[in-house]
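The values are calculated or read from the model by the stated rules, or taken from the named source; none is laboratory data. Source: prediction; values computed, not measured. Reconstructed Cβ throughout: ideal geometry from the backbone, glycine too, with neighbour counts over all protein chains shown.
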Amino acid sequence: KQEVTQIPAALSVPEGENLVLNCSFTDSAIYNLQWFRQDPGKGLTSLLLIQSSQREQTSGRLNASLDKSSGRSTLYIAASQPGDSATYLCAGYNQGGKLIFGQGTELSVKP
Amino acid sequence: EPEVTQTPSHQVTQMGQEVILRCVPISNHLYFYWYRQILGQKVEFLVSFYNNEISEKSEIFDDQFSVERPDGSNFTLKIRSTKLEDSAMYFCATSYTYEQYFGPGTRLTVT
């Protein structure tokens with residue numbers, strides 16, 4: 001069974017700190033990988049999509065990497081801000097095109 | 001920028017009633033998906049739909065669920081006889097190739 005796991009489940013950091021969120025997947029048949037942000041009670045905002053042929057993607061203060069051989073992806077957030085507080089979801093695309101989601105990391109950035 | 005829309009944003013229904021959740025995909029998208037998120041849990045895949053057929057469905061997607069594109073634009077999810085455990089946020093997603101774009105979700109509350 002294909003599974004996506006995220007650690008830690010929750011993270012609290014002071015404003016300005018750089019941080020890394022981790023995602024691992026059990027099956028090499030996970031192709032592309034996507035990171036989302038979810039605010040409480042809200043929908044999913046796509047942050048970065050990494051295709052299987054790529055190793056990383058960058059958008060502003062966010063950098064996501066993908067290592068299929070080890071089954072891992074990381075999301076790096078530079079110079080964190082209180083507005084970054086949210087739950088971050090990692091999701092892998094399987095061969096059929098469906099997304100398999102991790103349970104998320106709840107990030108709190110303290111002013 | 002084109003976006004996926006969903007209606008209603010919140011639906012309250014009594015147990016045993018039928019509900020229809022609606023999604024308007026991005027106009028040139030070909031692949032359609034429904035996911036759900038029970039409060040505090042992972043986002044889970046329900047069903048994928050392409051060329052007017054179900055491509056894949058999860059074990060959650062039993063005979064109580066159905067999907068269709070009634071008029072070539074809307075994409076609907078019907079739950080025939082709702083149960084308390086169907087209470088969740090339901091997300092529609094659509095894609096042209098592989099990258100999925102999510103709607104804002106419909107919060108379904110079954111009482």
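Quick check on the stretch A:37-50. Is at least one of its residues out of contact with any Cys (no Cβ under 6 Å at 6 or more places or on another chain), within 14 Å of chain B (Cβ to nearest Cβ), more than 24 Å from B:Gly105 (Cβ to Cβ) and at pLDDT below 90? Within the stretch A:37-50, not a single residue is out of contact with any Cys (no Cβ under 6 Å at 6 or more places or on another chain), within 14 Å of chain B (Cβ to nearest Cβ), more than 24 Å from B:Gly105 (Cβ to Cβ) and at pLDDT below 90.
Considering only the stretch B:66-76, I want to know if a residue exists there that is under 30 Å from A:Ser52 (Cβ atoms), in a strand (DSSP E or B) and of a type in the set (Gly, Ala, Ser). Break it down into steps so the answer makes sense when it comes.
The first filter runs over the stretch B:66-76 and keeps only residues under 30 Å from A:Ser52 (Cβ atoms), leaving B:67, B:69, B:75.
Applying the additional criterion that residues be in a strand (DSSP E or B) yields B:67, B:75.
From what is left, the residues that are of a type in the set (Gly, Ala, Ser) are none.
Checking the stretch B:66-76: not a single residue is under 30 Å from A:Ser52 (Cβ atoms), in a strand (DSSP E or B) and of a type in the set (Gly, Ala, Ser).
On inspection, A:Ala86 passes the criterion of being in contact with a Leu (Cβ under 9 Å, 6 or more places away or on another chain) and closer than 26 Å to B:Arg36 by Cβ. Look at (1) within 14 Å of another protein chain (Cβ to nearest Cβ); (2) outside any strand (DSSP E or B); (3) touching a residue at least 12 places away in the same chain (Cβ under 8 Å); (4) not aromatic (Phe, Trp, Tyr) and you find that B:Arg36 fails only one, number (2).
Given the options B:Leu77, B:Leu39, B:Leu30, name the one that is surrounded by 12 or more Cβ atoms within 10 Å (Cβ to Cβ) and at pLDDT below 95. Spell out the reasoning first.
Details: B:Leu77 fails: at pLDDT below 95; B:Leu39 fails: surrounded by 12 or more Cβ atoms within 10 Å (Cβ to Cβ).
Answer to the check: B:Leu30.
Taking the conditions exactly as written (more than 21 Å from A:Asp39 (Cβ to Cβ), in contact with a strand residue (DSSP E or B) (Cβ under 6 Å, 6 or more places away or on another chain) and without any contact (Cβ under 8 Å) to a residue 60 or more places away in the chain), does B:Phe49 satisfy them or not? Can you show your working first?
Details: more than 21 Å from A:Asp39 (Cβ to Cβ): yes; in contact with a strand residue (DSSP E or B) (Cβ under 6 Å, 6 or more places away or on another chain): yes; without any contact (Cβ under 8 Å) to a residue 60 or more places away in the chain: yes.
Spelling it out, B:Phe49 is indeed more than 21 Å from A:Asp39 (Cβ to Cβ), in contact with a strand residue (DSSP E or B) (Cβ under 6 Å, 6 or more places away or on another chain) and without any contact (Cβ under 8 Å) to a residue 60 or more places away in the chain.
Right, B:Thr82: surrounded by 15 or more Cβ atoms within 10 Å (Cβ to Cβ) and under 21 Å from B:Tyr101 (Cβ atoms) or not? Steps first, answer last, please.
Values: surrounded by 15 or more Cβ atoms within 10 Å (Cβ to Cβ): yes; under 21 Å from B:Tyr101 (Cβ atoms): no.
Taking the combined requirement at face value, the residue does not satisfy it.
Going by the conditions given, is B:Gln11 in a strand (DSSP E or B), away from chain A (no Cβ under 14 Å) and in contact with a strand residue (DSSP E or B) (Cβ under 7 Å, 6 or more places away or on another chain)? Yes, satisfied.
Criterion first (surrounded by fewer than 18 Cβ atoms within 10 Å (Cβ to Cβ), touching a strand residue (DSSP E or B) at 6+ places or on another chain (Cβ under 7 Å) and within 30 Å of B:Tyr50 (Cα to Cα)) does A:Gly104 satisfy it? So A:Gly104 fails the test. Report, ordered by the first and then the second residue, all pairs with beta carbons closer than 7 Å, sequence separation of six or more or different chains, a first member in the stretch A:75-98 that is more than 14 Å from chain B (Cβ to nearest Cβ) and part of a loop (DSSP other than H, G, I, E, B), and a second member that is crowded, with 19+ Cβ neighbours inside 10 Å and modelled with pLDDT of 95 or more. Close Cβ pairs (under 7 Å, with a partner that is crowded, with 19+ Cβ neighbours inside 10 Å and modelled with pLDDT of 95 or more) amount to A:Ser80/A:Val109; A:Gln81/A:Val109; A:Ser85/A:Leu107; A:Ser85/A:Val109.
Regarding B:Leu21, is this residue more than 9 Å from chain A (Cβ to nearest Cβ) and over 25 Å from A:Trp35 (Cβ atoms)? If you could, list the steps in order and put the result at the bottom.
Values: more than 9 Å from chain A (Cβ to nearest Cβ): yes; over 25 Å from A:Trp35 (Cβ atoms): yes.
Spelling it out, B:Leu21 is indeed more than 9 Å from chain A (Cβ to nearest Cβ) and over 25 Å from A:Trp35 (Cβ atoms).
Across the stretch A:99-109, the qualifying residues are those that are in a strand (DSSP E or B), touching a Leu at 6+ places or on another chain (Cβ under 6 Å) and within 14 Å of chain B (Cβ to nearest Cβ), and the one among them that is farthest from A:Trp35 (Cα to Cα) is A:Thr105.
For the stretch B:60-111, the candidate set comprises residues that are closer than 17 Å to B:His10 by Cβ and either free of Cβ contacts under 8 Å to residues at least 40 places away in the same chain or among the charged types (D, E, K, R) (or both); within that set, the residue that is farthest from the other protein chains (Cβ to nearest Cβ) is B:Asp86. Confirm whether A:Gly83 is at pLDDT 95 or above and surrounded by 17 or more Cβ atoms within 10 Å (Cβ to Cβ). So A:Gly83 fails the test.
Can you confirm whether the stretch A:52-73 contains a residue that is surrounded by 14 or more Cβ atoms within 10 Å (Cβ to Cβ), in a strand (DSSP E or B) and in contact (Cβ under 8 Å) with a residue 40 or more places away in the chain? So far as the stretch A:52-73 goes, yes, one or more of its residues are surrounded by 14 or more Cβ atoms within 10 Å (Cβ to Cβ), in a strand (DSSP E or B) and in contact (Cβ under 8 Å) with a residue 40 or more places away in the chain.
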